[in-house]
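Worksheet for the structure shown next.
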Amino acid sequence: MFHTLVIVPYLMIKSFLILLSFSIFLHSSQQLVLVVANNFNTSKAKLQCFEDGKKVINTINVNIGKKGLGWGLGEVKLSQKIDDAIKYEGDKKAPSGVFKLTSIFGYPKSNNSHMPYISANKNLICVDESKSKYYNKIIFMRPDGGGSTLGVPKDKPKSFEFMKRDDLQYELGVVVKHNPHAISQKGSCIFLHVQKEKDLGTAGCTSMKLDDLKKVVKWLDKSKNPILIQISKSSSIEILELYPELKNSELLED
């Protein structure tokens, strides 16, 4: 008896594995932070939090980039129109897409939360120098001017922002895993943080009142794989297809 040898093309296997990984990622995300703007040009948006298909926090008004949204680099590739803006370093646009929320940070030495916590001091910085090997990373800078990450001393970056500021914008914040591979000029140091002023757009982050941010941080739980879905309303149908547990969000209605 002869047996037919079936050879499955490599590209078909690769595509299947990508789809499988994508499916696993979607279904492993139990906490969803949804931010929806009316269009790509506004600096205002609304935020809702969902867990297991239920809204858990009242809708929050938030500020996004002063120049609106631009497609960022995250976990899921969403459909993009040819005239949609793309996120770049220094463009004052908040990234649009789907991103992991990895940790929280703040000025106190400790925080009673369910997320990894980074305590900010005068030596904690986030690097926004595209040519630096530490681009888009939060590191501790040594008092002698060098930098360190994971305890390894490195040279001081040329451009960075302090994580403990003179104002209270970083009194509490959440790290958004945008541009995870630190591709040059694709944007860095993206957070959810405290607003500077009401209705004032940001340099690229998403800001809100401290009391509202505290509610979000208290709810976030690393074991429930929290993600940020930040979009223009034009992506509503696609997001509902990917995340049907958001079907009760009025932010995604026509």
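Structure notes:
- Within the set L192, L240, L213, the sole residue that is touching a Ser or Thr at 6+ places or on another chain (Cβ under 8 Å), under 24 Å from D52 (Cα atoms) and either of a type in the set (A, V, I, L, M, F, W, C) or modelled with pLDDT under 95 (or both) turns out to be L192.
- Some residue of region 211-218 being closer than 23 Å to Q80 by Cβ, out of contact with any helix residue (DSSP H, G or I) (no Cβ under 6 Å at 6 or more places or on another chain) and surrounded by 22 or more Cβ atoms within 10 Å (Cβ to Cβ): no
- The condition (being closer than 17 Å to I229 by Cβ and surrounded by fewer than 16 Cβ atoms within 10 Å (Cβ to Cβ)) is satisfied by just one residue among S79, S96: S79.
- Considering residues of region 77-120 that are under 12 Å from the mean Cα position of the chain (by Cα) and among the hydrophobic types (A, V, I, L, M, F, W, C) only, the residue nearest to S130 (Cα to Cα): A94
- Here V76 meets the list (1) aliphatic (A, V, I, L, M); (2) assigned to a loop (DSSP other than H, G, I, E, B); (3) out of contact with any Leu (no Cβ under 8 Å at 6 or more places or on another chain) almost entirely, failing just condition (3).
- Count - residues of region 109-126 that are within 13 Å of K215 (Cα to Cα) and either of a type in the set (F, W, Y) or exposed (fewer than 11 other Cβ atoms within 10 Å of the Cβ) (or both): 1
- Test: residue in region 163-177 that is at positive phi and either in contact with a strand residue (DSSP E or B) (Cβ under 9 Å, 6 or more places away or on another chain) or among the polar types (S, T, N, Q) (or both): no
- Residue match in region 62-73 (condition: touching a Gly at 6+ places or on another chain (Cβ under 6 Å), at pLDDT 95 or above, in a loop (DSSP other than H, G, I, E, B) and buried (at least 17 other Cβ atoms within 10 Å of the Cβ)): yes
- Residues in region 41-61 that are among the β-branched types (V, I, T) and either crowded, with 19+ Cβ neighbours inside 10 Å or touching a Leu at 6+ places or on another chain (Cβ under 9 Å) (or both): T42, I57, T59, I60.
- Looking across region 43-89, the residues that are over 19 Å from N179 (Cβ atoms) and acidic (D, E) come down to E51, D52, D83.
- Near pairs, Cβ below 9 angstrom, 6+ apart or cross-chain, from region 234-254 (in contact (Cβ under 8 Å) with a residue 60 or more places away in the chain) to any residue that is among the basic types (K, R) and part of a helix (DSSP H, G or I): L251/K233; L252/K233
- Answer from Q185, Q169 - the residue that is free of Cβ contacts under 8 Å to residues at least 60 places away in the same chain, closer than 20 Å to K137 by Cβ and part of a loop (DSSP other than H, G, I, E, B): Q169
- Check on K100, part of a strand (DSSP E or B), closer than 19 Å to I237 by Cα and in contact with a strand residue (DSSP E or B) (Cβ under 6 Å, 6 or more places away or on another chain): no
The values are calculated or read from the model by the stated rules, or taken from the named source; none is laboratory data. These numbers come from a predicted model, not from an experiment. Glycine gets a Cβ as well: all are built from the backbone with ideal geometry, and neighbour counts include every protein chain shown.
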